[in-house]
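S.K.: My questions all concern the structure below.
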Amino acid sequence: MPANRFNGFTDYGIGIGLRIPHYAHIFEKKPVVDWFEIISENYMIDGGRPLATLDLILERYRVVQHGVSMYFGSAEPLNREHLRRLKALVKRTKTPWLTDHLCWGSVDGAYSHDLLPVPYTFEAAKITASKVREARDYLEVPIAVENVSSYAEFHCSEMAEWEFLNEVVERADCGILLDVNNIYVSSKNHNFDPYEYLNSIPGERVAQIHIAGHSTFTKFTLDTHDHPVIDPVWKLYDHAIRRIGPTATLLEWDDRIPSFDEVHAEARKAEQYIHAPVAVGL
Amino acid sequence: MMLLELQRRMAKAVMQPLTGSDRIALKTRDGRPMRIEISEFIRPNDRLTSIERLEIYSRSYWFRVLDSLCDDFPGLRAVLGKRAFHRLSRAYLSDCPSQSFTLGNLGSRLERWLQRNPEYAGSGHALALDPLVRDMVRLEWAHIEAFDSVAEKVLGPEDLLELGPSFRAGLQPYIRLLALEYPVDELRIHVNQASEEHGTASNAVLKQKHRNLTRRVRRLKRERIYLAVHRFNSMVYYRRIAAEEYGLLNALREGQPIGMAIQTGFKNSSVTSDEQRSMLEKWFAAWAELGWLCPPARVKIEKVTE
């Protein structure tokens, strides 16, 4: 299911995150890249170099917006000013779909700048879904929500994470940005079977997939985006592709960023799974 | 527990300052054991207690905001020294947590906060804010604002055909005009150069450079300067300007027509009318080259505080 209504019926291949250390290489070598993912917040500004650089990228490449601070899971209403700036950027990039996280991060006007986990309750699902709908209606672009890595669970949770994700996307009628590395990280931190998670999500709603590296500590696993993707995550990705079909995939590498070629080569490892014979609906 | 209440309690715990050894505090701000507070909403697992699970978020929050402030105010860090800057950052961020989706606005309240808390501006300045510290904070915040504030359409030669005393021109919104008591621009440029070399120099060279920087801060002499922090080809620059030019540009920004703005600029000036004419020619030529003038109507009028 490469093209669906949650990714604007596009058929994007393998993308990488647009990061400052790679600008010089991109402008000088003009490498062939299927698409770039940008962090929306880095460009929700009024002017200056970031927007000038983005405009140059847009002349040559396809761009998809990925947000980190819409905070659909916050109990408080969406920030109107945030939405206004985001809409201006959507018009600029013409992103075919837009993603942000299934998390919260601000309360009473104070921002954590983190992707904090939501308790898996029906109340939270209802609030989250209503905010996703509101954002989509205002922004006029399909939205897909991303499962986050988490390190804490709540006493008040009433369902498993994948059940909560399903509850939200069904209520909001939105897409899923399936982060297989996040599923792996959370499965280590919360002792669940990542394949049960993958088998439970509605494949027809997956608009995009994220892959990334992480770090393992003695007592927990941290989503650091500073390593290549490890084999167990590739296996999960393989399973996801077999179940869902070839889907737009992006490698996240945000810290200790190696050369452009190294990041791109790591991302393109996904091609072997995407181009393998697919048995949809496993 | 309702969602809003849970998020308030969790945010309070996450954003409470860490201990000196960067661990989560043992007690909440109202004196409750943190262990008990957190165990009421976070579940432990077979490896971590409730408080240890939340500590992952708390440490991540504090490291992120402290790093961000450090990146934005390298000059202030050089003026205060590493330890005092860290102490200031923790106190400031504890009082003024981020109120914006972008970390770029983290320092927006720093100057006002320092005016109320001058004891954090280095030893010996407990009663009033050290002007050197204040000037560096102003410059570094102006730098952040100049970097990505909006640029209006530049007034071109065709727009200036009607240039006369009643002509109104605006000043580009990204330009920040500063009247400072210390030449902190030079110091900030030096700090930038030192930080660019940081990745390539050996430890011995870095130590020497750090000593040089400390000496430079100590030797900095009071000197009234006027500065335009502006952007050209997407790069931020500091341009020293004359007191009269500073007055004139501020008057233009406030919406005064050019004739009146010139009078305002030269109000207390001792320059002769010949000198004045020559200065104006030079300034207008420079402003045109740098694209500083824009139509006045769309420009938000801002009073610049000294």
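Bear in mind these aren't lab numbers, they're just calculated from the coordinates by the rules spelled out. Note that the structure is predicted; figures quoted are calculated from it, not measured. Please note: Cβ atoms are built from the backbone with ideal geometry, for glycine as well, and neighbour counts cover all protein chains shown.
S.K.: Applying 1/(1 + (r/R0)^6) with R0 = 35 Å to the Cβ-Cβ distance of residue A:56 and residue A:254, what FRET efficiency is obtained, to the nearest 0.05?
M.R.: The pair residue A:56/residue A:254 has a calculated efficiency of 0.95.
S.K.: Using 0.36 nm per residue of separation minus the Cα-Cα distance, give me the extension gain between residue B:8 and residue B:221 in nm, one decimal.
M.R.: Using 0.36 nm per residue and subtracting the Cα-Cα distance, I get 71.9 nm.
S.K.: Let me ask you something else. How well do other chains shield peptide B:42-49, expressed as the mean number of their Cβ atoms within 10 Å of each residue Cβ? The partial results should precede the final answer.
M.R.: On the way: counts 7, 7, 2, 8, 2, 6, 5, 0.
Going residue by residue through B:42-49 and averaging, the value is 5.
S.K.: Another one. Name the residue, out of A:155, A:214, A:25, whose mean-square fluctuation peaks in a Gaussian network model built on chain A with Cα pairs under 10 Å.
M.R.: Between A:155, A:214, A:25, it is A:155 that shows the largest mean-square fluctuation.
S.K.: Using the Cα atoms of chain B, I'd like the radius of gyration and the largest Cα-Cα distance, Dmax, both in angstrom.
M.R.: 24.1, 83
S.K.: Here is a follow-up. For a quick check: sort A:131, B:12 by the number of other beta carbons within 10 angstrom, fewest at the front.
M.R.: The most exposed by this proxy come first: B:12, A:131.
S.K.: Given a Förster radius of 30 Å and the C-beta distance between residue B:153 and residue B:105 as r, what FRET efficiency does 1/(1 + (r/R0)^6) yield to the nearest 0.05?
M.R.: That pair, residue B:153 with residue B:105, gives E of 0.70.
S.K.: Taking chain A on its own, what percent of its Cα-Cα pair distances exceed 32 Å?
M.R.: 18 percent
S.K.: Helix B:273-290 sits at what angle to the longest principal axis of chain B, using alpha carbons and giving 0 to 90 degrees rounded to 10?
M.R.: 50 degrees
S.K.: Ok, one more. Return the equivalent ellipsoid semi-axes of region A:147-282 as a descending list in whole Å, where each equals the square root of 5 times an eigenvalue of the C-alpha gyration tensor.
M.R.: Taking √(5λ) for each eigenvalue gives 23, 20, 13 Å, largest first.
S.K.: Can you give me the C-alpha center-to-center distance between region B:119-174 and region A:213-282, rounded to a whole angstrom?
M.R.: First find each Cα centre; the distance between them is then 46 Å.
S.K.: Full-extension gain between residue B:161 and residue B:268, please, as 0.36 nm times their residue separation minus the C-alpha to C-alpha distance. Mind showing how you got there, number by number?
M.R.: Values: separation 107, 0.36 × 107 = 38.52 nm, distance 2.95 nm.
Fully extending the segment from residue B:161 to residue B:268 adds 35.6 nm.
S.K.: To one decimal place, what orientation-averaged projected area in nm² is obtained for the convex hull of the Cα set of the protein assembly as shown?
M.R.: The number I arrive at for the protein assembly as shown is 29.7 nm².
S.K.: Would you please state which residues of region B:1-42 a label at residue A:158 would reach in this model, taking the label point 7 Å out along Cα→Cβ and a backbone N cut-off of under 17 Å?
M.R.: B:1-7
S.K.: Compute the distance in nm between two label points, each set 7 Å from the Cα along the Cα-to-Cβ direction, one at residue A:138 and one at residue A:83.
M.R.: Distance between label points: 0.3 nm.
S.K.: Now a separate question. Dipole of the protein assembly as shown, Cα-centred, from +1 at each Lys and Arg C-beta and -1 at each Asp and Glu C-beta, to the nearest 20 debye?
M.R.: 1740 debye
S.K.: What is the distance, in nm, between label points placed 7 Å from the Cα along the Cα-to-Cβ direction at residue B:234 and at residue A:224?
M.R.: Modelled inter-label distance: 3.1 nm.
S.K.: Please report the antiparallel percentage of DSSP beta bridges with both residues in the protein assembly as shown, rounded to the nearest 5.
M.R.: Numbers: 22 of 49 bridges.
Here the antiparallel bridges make up roughly 45 percent for the protein assembly as shown.
S.K.: Sum up the charges of everything whose Cβ sits under 11 Å from the Cβ of residue A:107, counting Lys and Arg as +1 and Asp and Glu as -1, but leave residue A:107 out.
M.R.: Here the count lands on 0.
S.K.: Still on this structure: Along the Cα→Cβ direction, 7 angstrom out, place labels at residue B:71 and residue B:116. What is the inter-label distance in nm?
M.R.: 2.7 nm
S.K.: Excluding residue A:219 itself, calculate the net charge of residues whose Cβ lies under 13 Å from the Cβ of residue A:219, where each Lys or Arg counts +1 and each Asp or Glu counts -1.
M.R.: Cβ neighbours under 13 Å give a net charge of 0.
S.K.: For residue B:254 and residue A:193, what does the FRET efficiency come to when R0 = 60 Å and r is the distance between their Cβ atoms, rounded to the nearest 0.05?
M.R.: So the FRET efficiency works out to roughly 0.35.
S.K.: Then there's this: For peptide B:141-147, compute the average count of partner chain beta-carbon atoms within 10 Å of each residue's beta-carbon.
M.R.: Mean partner shielding for this stretch: 1.
S.K.: Treat every Asp and Glu Cβ in chain A as -1 and every Lys and Arg Cβ as +1, leave all other atoms uncharged, and give the resulting dipole magnitude about the Cα centre to the nearest 20 debye.
M.R.: For chain A, the charge dipole is close to 800 debye.
S.K.: Beta carbons within 10 angstrom, averaged per residue: use that to sort the peptides A:133-140, B:50-57, highest first. Please list the in-between numbers first.
M.R.: Working: A:133-140: 15.4, B:50-57: 22.0.
Highest mean packing first, the order is B:50-57, A:133-140.
S.K.: Given the Cα-Cα distance of residue B:214 and residue B:28 and 0.36 nm per residue of separation, how much length would full extension add, in nm?
M.R.: 63.1 nm
S.K.: Sticking with this structure for a sec: Distance between the C-alpha centers of region A:67-144 and region B:62-99? Whole Å please.
M.R.: 29 Å
S.K.: Looking at B:108, B:18, B:66, which one has the Cα that reaches farthest to the positive end of the dipole of region B:17-119 (charges on Cβ: Lys, Arg +1; Asp, Glu -1)?
M.R.: B:18
S.K.: Now for a different question. Roughly speaking, what is the centre-to-centre gap between region B:248-297 and region B:1-38 when only Cα atoms are used, to the nearest Å?
M.R.: Using only Cα atoms to place each centre, the spacing works out to 55 Å.
S.K.: From zero up to wherever the largest Cα-Cα distance of region B:141-294 sits, split into 5 Å bins and tell me the percent of pairs in each.
M.R.: The percentages, shortest bin first, are 2, 8, 15, 18, 16, 13, 10, 7, 5, 4, 2, 1, 0.
S.K.: Let me ask something additional. Take the alpha carbon atoms of region B:3-129, find their radius of gyration, then divide it by 2.2 N^0.38 Å using N residues; give the quotient.
M.R.: Here the answer is 1.17, to two decimals.
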